[in-house]
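Novice: Before I ask anything, here is the structure I am working with.
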Amino acid sequence: MTWSPSTDPAHIILTFQEFPNHYVDITDEELRRYVESLGTDAVAVQFAVTTRLGCLERIRTTRIADREDWIREWGGSGWVGSEKPSPWDQFQCRIPWWRPGAGVVIRF
């Protein structure tokens, strides 16, 4: 993923390299200082994905580079332009009774 700053000094935007129209944003001043200190806009990000009956229920950012601890003042995700393709396509409901819900960790 790549990170970019916003006009808010505590806010960062994480954009998927493989899905550039999708992003995750987090507001945390200390985390912003940390990613700025990395000296690069490319950053490894890990998510915990929760599904229920095979359907996407929750996405939570669990690791950014080597950092696993931060206070999330605010966060969210979304897309600009087209929603498809999505980094979360593999977790969309197709046959809900075919895959039971499970927690999964994925890295970008």
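Novice: So, in segment 54-71, exactly how many residues are in a strand (DSSP E or B) and touching a strand residue (DSSP E or B) at 6+ places or on another chain (Cβ under 8 Å)? Give the steps one after another, and end with the answer.
Specialist: To start, the set of residues in segment 54-71 that are in a strand (DSSP E or B) comprises 55-64, 67.
Those left that are additionally touching a strand residue (DSSP E or B) at 6+ places or on another chain (Cβ under 8 Å): 56-64.
Counting residues in segment 54-71 that are in a strand (DSSP E or B) and touching a strand residue (DSSP E or B) at 6+ places or on another chain (Cβ under 8 Å) gives 9.
Novice: Among the residues of segment 1-31 satisfying the criterion of being of a type in the set (Val, Ile, Thr) and part of a strand (DSSP E or B), which is nearest to ARG58 (Cα to Cα)?
Specialist: Pass one, segment 1-31, residues of a type in the set (Val, Ile, Thr): 2, 7, 12-13, 15, 24, 26-27.
Applying the additional criterion that residues be part of a strand (DSSP E or B) yields 2, 12-13, 15, 24, 26-27.
Numbers: THR2: 22, ILE12: 20, ILE13: 19, THR15: 18, VAL24: 13, ILE26: 15, THR27: 18 Å.
Among those residues, the one meeting the criterion is VAL24.
Novice: Could you please find all residues in segment 54-67 being without any contact (Cβ under 8 Å) to a residue 12 or more places away in the chain and under 13 Å from the mean Cα position of the chain (by Cα)? Before you say what the answer is, go through the steps one by one.
Specialist: Here is the first cut: in segment 54-67, the ones without any contact (Cβ under 8 Å) to a residue 12 or more places away in the chain are 58, 66.
Scanning segment 54-67 gives a single hit, ARG58.
Novice: When residues of segment 32-53 are filtered for being in contact (Cβ under 8 Å) with a residue 40 or more places away in the chain, on the phi < 0 side of the Ramachandran plot and either assigned to a strand (DSSP E or B) or out of contact with any helix residue (DSSP H, G or I) (no Cβ under 9 Å at 6 or more places or on another chain) (or both), how many remain? Walk me through how you get there before you give the answer.
Specialist: Restricting attention to segment 32-53, the residues satisfying the condition of being in contact (Cβ under 8 Å) with a residue 40 or more places away in the chain are 42-53.
With on the phi < 0 side of the Ramachandran plot added as a condition, the list becomes 42-52.
Now restrict to residues that are either assigned to a strand (DSSP E or B) or out of contact with any helix residue (DSSP H, G or I) (no Cβ under 9 Å at 6 or more places or on another chain) (or both): 42, 44-52.
Within segment 32-53, residues that are in contact (Cβ under 8 Å) with a residue 40 or more places away in the chain, on the phi < 0 side of the Ramachandran plot and either assigned to a strand (DSSP E or B) or out of contact with any helix residue (DSSP H, G or I) (no Cβ under 9 Å at 6 or more places or on another chain) (or both) number 10.
Novice: The conditions are (1) assigned to a loop (DSSP other than H, G, I, E, B); (2) more than 20 Å from THR27 (Cβ to Cβ); (3) at pLDDT below 80, and VAL105 fails exactly one of them. Which is it?
Specialist: (1)
The values are calculated or read from the model by the stated rules, or taken from the named source; none is laboratory data. What you are looking at is a predicted structure, and each value in this text was computed from that prediction instead of being measured. Every residue, glycine among them, receives a Cβ derived from its backbone with ideal geometry; neighbour counts consider all protein chains shown.
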